[in-house]
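A short worksheet on the structure shown next.
The values are calculated or read from the model by the stated rules, or taken from the named source; none is laboratory data. In this text the structure is predicted, and so the values were computed from the model without any measurement. Cβ placement follows ideal geometry from the backbone for every residue including glycine, while neighbour counts extend to all protein chains displayed.
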Amino acid sequence: MSIIESVFQSSSVNFDGLLHYQFMQNAFIAGTIIAILAGTVGYFMVVRGQSFAGHSLANVGFAGATGASLIGLSPLLGLVVSGILAACGIYWLGLDMQHSRQSDIATGAIFSASMALGFLFVHLSTAQANNIYYVLFGNVLGISKASVLVTAAMAVPAFILVLVAARPLLFASVDPVVAEARGVPVARLGLGFLLILALVVAVAVQVVGVLLIFALLVTPAATARRLSSRPMVEIIISVLLAVIFTWTGLIAGYYTTFPVSFYITTFSFGFYVLVRLFKAFGPTGKVSTIKPDFEKSETDGS
């Protein structure tokens, strides 16, 4: 009994000191900012059917980060620049929703080219292998206070832009043909969203890395769509899940020797599987099929 009590006492002491260290404070602040942004933007990415595009942008970011390291620049800068260029390239290659049949081909081409460039830069680089490892799998515990400020400076404007464009973006995502007929700038929204997605991928890579980006961008949103059929509720659930997975991953990573990105990905995927099993064998539930409220009102009024 005394052994169990001592374990709980030591755990309590460690938990009290969890936020005592500056690196944990930075990790929680940056992780929360990134989770909120990823949960919001990831929802629209899932609704638009551009999950593969987000994954491709992450792999382009790998090439950008390794290329930046090769010439002595910040990997984050390489992630942002390469992501913006890739977003423009994806748009012009027909990856927008209006050309969905061409999306797999365009995405595959960009994916392959970016990975090839990334491995070339790794081969040429004289930087430490840890830098490449952190790009691939993330290193949220190593985020500095300056990086937190940079993350916030990138995330806040992107979040505001998504909130401002949320209504027409949702309409254009669900039914782009009807939205364009009613005057919604579908093409410009598509390009703008890809640019925002590129920024989100750049900041999210710091937490989960290039290879595990789906843990924050896709899985919370996909889970939220299994739990509700109302867009606003789905967005809130997606954000909450992303934050919870990030926090629990940080806490688990603090107490163990395993990477934080491993825990975030495992918790995210595990909860998604549980929801799918509950929907399959539990009470009857429906996956979200969105029809925007403003479209309903206009249909009812006609």
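Here are a few things to note about the model shown:
- Residue ID - modelled with the lowest pLDDT, chosen from residues in region 106-143 that are over 20 Å from the mean Cα position of the chain (by Cα) and buried (at least 18 other Cβ atoms within 10 Å of the Cβ): Ala106
- Neighbours by Cβ (under 8 Å, 6+ apart or cross-chain): first from region 247-272, outside any helix (DSSP H, G or I); second aliphatic (A, V, I, L, M) and surrounded by fewer than 18 Cβ atoms within 10 Å (Cβ to Cβ): Phe258/Ala252
- Restricting the first member to region 195-208 and to residues that are within 15 Å of Ala53 (Cβ to Cβ), and the second to residues that are of a type outside the set (Val, Ile, Thr) and not in a helix (DSSP H, G or I), the beta-carbon pairs closer than 8 Å and six or more apart or on different chains are Leu197/Gln50.
- Some residue of region 163-180 being in contact (Cβ under 8 Å) with a residue 12 or more places away in the chain, of a type outside the set (Val, Ile, Thr), outside any loop (DSSP other than H, G, I, E, B) and under 17 Å from Val80 (Cβ atoms): no
- Test: residue in region 14-25 that is part of a helix (DSSP H, G or I), surrounded by 24 or more Cβ atoms within 10 Å (Cβ to Cβ) and modelled with pLDDT of 50 or more: no
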